[in-house]
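The values are calculated or read from the model by the stated rules, or taken from the named source; none is laboratory data. Every value quoted in this text rests on a predicted model; they were computed, and no experiment measured them. Here the Cβ positions follow ideal geometry from the backbone for every residue, glycine too, while neighbour counts run over all protein chains shown.
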Amino acid sequence: MNIVLVGAGRMGREIAFRLADEGHDVTVVENDAACLEQVANSVDVMTLEGNGADYSVLSQAGVSDADLLIAVTNDDAVNMLCCLTGKKLGVKNTVARVRTMEYFRQMVFLKDELGLSLVLNPEQAAAAEISRILRFPSAAKVDSFAKGRAEMVEHTVSNGSPLCGLRLEKLRGKLASGLLIAVVERGEQVFIPRGDFTIREGDVIHVVGSPNAISGFFKEIGAYKRSVRSAMLLGGGRISLYLGTYLLGAGIKVKIVERSAEHCEMLKEILPKAEILLGDGTDPNVLIEEGIRSTDAFVALTGSDQDNIITGMFAQREGVGKVVVKVNEDSFRLMAGDAKLDSFVLPKNSAAEIVVSYVRAVQHSLDTVGIESLHDIAYGKAEVLEFSINGDAPNLGVPIKDLDIRRDTLIAAIIRDNHCIIPGGSDTMEKHDTVIAVTTKFGMKGFEDIFEG
């Protein structure tokens with residue numbers, strides 16, 4: 001596809017890298033020369049310096065002949081104006097990054113009027129991801145599929161776990177039913193395991209199943225953590241606003257520590273049921289005084305990766321049951337690997353996954369099997385795709401054992417009539433099913449790609 005991307009900040013660079021890596025022709029527009037040079041030196045894209053909301057600049061970028069315009073600058077109004085101008089110039093599809101809560105709430109009414117195909121809110125997506133993690137505190141990461149009917153969770157196998165030395169073919173009978181270990185990370189290697197695969201201590205496993213089946217699994221292996229009833233959030237930015245709304249709606253007590261008095265007043269107005277505290281959350285005495293030792297979960301959401309990691313390590317040392325850390329750069333997550341922090345969330349990755357999923361769906365918009373969602377797992381070494389079978393598709397009604405499925409791909413779950421099925425050899429995929437596939441083959445654009453040939 002021919003894509004014009006406006007905005008070369010942290011998120012723009014990540015989206016440009018992913019789209020270029022999938023073989024799309026990408027032109028990046030940015031008025032900051034230093035940001036533009038950074039993109040040009042690291043990603044195989046065309047670049048154009050200028051204001052992406054300017055009619056002449058968009059014309060020069062070739063928007064009239066583009067298949068897609070993506071606007072991800074730091075200014076919501078500029079992004080919406082870019083898309084509106086692009087539509088007037090003739091671009092087929094537009095995506096706008098909208099971060100402000102007030103704008104985002106109005107998108108339901110303004111989306112069609114502005115001609116937007118997709119509204120991208122990285123902060124809201126990150127908050128949704130964190131809320132899923134807090135629902136499954138035993139897991140390091142949680143991805144949801146088919147409106148929550150199936151979920152994939154990440155868990156590290158610890159010393160003494162009943163999983164150590166267990167062959168996967170014995171898993172269902174010995175520990176739990178209704179779930180599947182779909183991916184195993186072992187050091188730098190990533191496996192799509194078969195029945196003869198043996199789990200070892202230190203393996204990072206990605207388990208698929210219904211929420212109830214996964215809860216039962218954690219109880220069986222002795223890794224279950226009780227539900228989060230209270231959470232302390234460090235930092236009062238947009239993610240905290242969205243996350244606070246989610247958690248309060250779920251009946252969880254929320255305490256937000258913010259160093260800006262102005263932000264505190266705004267938080268009190270938007271989240272009147274939350275406890276808002278003015279203070280420096282990087283001071284351990286402040287955290288102890290505000291009750292970090294008695295909270296169920298600690299979520300570090302400041303603008304500094306270093307502050308988030310250090311306070312997360314402190315919270316873990318003080319005995320907090322679940323610690324989630326937001327980072328903006330993958331390098332910090334890798335450097336903090338030995339700290340054994342529970343969970344990391346990267347907003348730019350969440351946003352990039354949404355965009356890539358949408359682009360693949362647009363490419364196959366005429367197909368009867370569309371990609372509903374896409375998630376990277378195992379530090380980007382594997383993908384999980386959700387397909388919705390809305391019409392005729394290849395190999396429906398054929399037992400899975402008789403299908404020629406790629407060796408690097410696994411059918412992890414089938415959602416049928418609101419039930420999550422972990423498929424065996426005699427199960428089939430049918431019309432109206434939702435199919436969850438896991439693969440180490442990147443760039444799958446359609447359902448047919450999971451089969452050989």
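Residue-by-condition table, conditions (1) in contact with a helix residue (DSSP H, G or I) (Cβ under 7 Å, 6 or more places away or on another chain); (2) under 29 Å from residue 331 (Cα atoms); (3) crowded, with 21+ Cβ neighbours inside 10 Å; (4) of a type in the set (D, E, K, R):
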| position | (1), (2), (3), (4) |
| --- | --- |
| 248 | no, no, no, no |
| 265 | no, no, no, yes |
| 292 | yes, yes, yes, no |
| 306 | no, yes, no, no |
**Asked** From the list 392, 367, which residue is part of a loop (DSSP other than H, G, I, E, B), farther than 30 Å from residue 14 by Cβ and either at pLDDT 90 or above or not assigned by TED's automatic domain parsing to the domain that holds residue 243 (or both)?
**Response** 392
**Message:** Can you tell me which of (1) in contact with a Ser or Thr (Cβ under 9 Å, 6 or more places away or on another chain); (2) exposed (fewer than 14 other Cβ atoms within 10 Å of the Cβ) is the one residue 424 doesn't meet?
**Reply:** (1)
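Each row is one residue, and each column tells you yes or no for (1) on the phi < 0 side of the Ramachandran plot; (2) surrounded by fewer than 24 Cβ atoms within 10 Å (Cβ to Cβ); (3) in the same structural domain as residue 244 (by TED's automatic domain parsing); (4) part of a helix (DSSP H, G or I).
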residue	(1), (2), (3), (4)
56	yes, yes, no, yes
64	yes, yes, no, yes
69	yes, no, no, no
82	yes, no, no, yes
86	yes, no, no, yes
116	yes, yes, no, no
125	yes, yes, no, yes
138	yes, yes, no, no
**Request:** Evaluate the range 330-337: report whether one residue or more is part of a loop (DSSP other than H, G, I, E, B) and hydrophobic (A, V, I, L, M, F, W, C).
**Result:** yes
**Complete:** Flagged in the range 284-327 as over 24 Å from residue 347 (Cβ atoms) and free of Cβ contacts under 8 Å to residues at least 12 places away in the same chain, in numbering order, are 285, 289, 317
**Asked** Residues in the range 25-35: is at least one in a loop (DSSP other than H, G, I, E, B) and either in contact (Cβ under 8 Å) with a residue 40 or more places away in the chain or assigned by TED's automatic domain parsing to the domain that holds residue 267 (or both)?
**Response** no
**Prompt:** Just checking, which of 282, 295, 302 is among the β-branched types (Val, Ile, Thr) and closer than 19 Å to residue 100 by Cα?
**Reply:** 302
**Message:** With the requirement that a residue be at pLDDT below 95 and out of contact with any strand residue (DSSP E or B) (no Cβ under 7 Å at 6 or more places or on another chain), what does the range 424-451 give you?
**Reply:** 424, 425, 443, 445, 448, 449
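Yes/no matrix, rows are residues, columns are (1) of a type in the set (Phe, Trp, Tyr); (2) within 26 Å of the chain's Cα centre (by Cα); (3) surrounded by fewer than 19 Cβ atoms within 10 Å (Cβ to Cβ):
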residue	(1), (2), (3)
187	no, yes, yes
191	yes, yes, yes
196	no, no, yes
204	no, yes, no
212	no, yes, yes
233	no, yes, no
238	no, yes, no
259	no, no, yes
**Unique residue being of a type outside the set (Gly, Ala, Ser), closer than 30 Å to residue 306 by Cα and not assigned by TED's automatic domain parsing to the domain that holds residue 411 when the list is 194, 200, 186** = 186
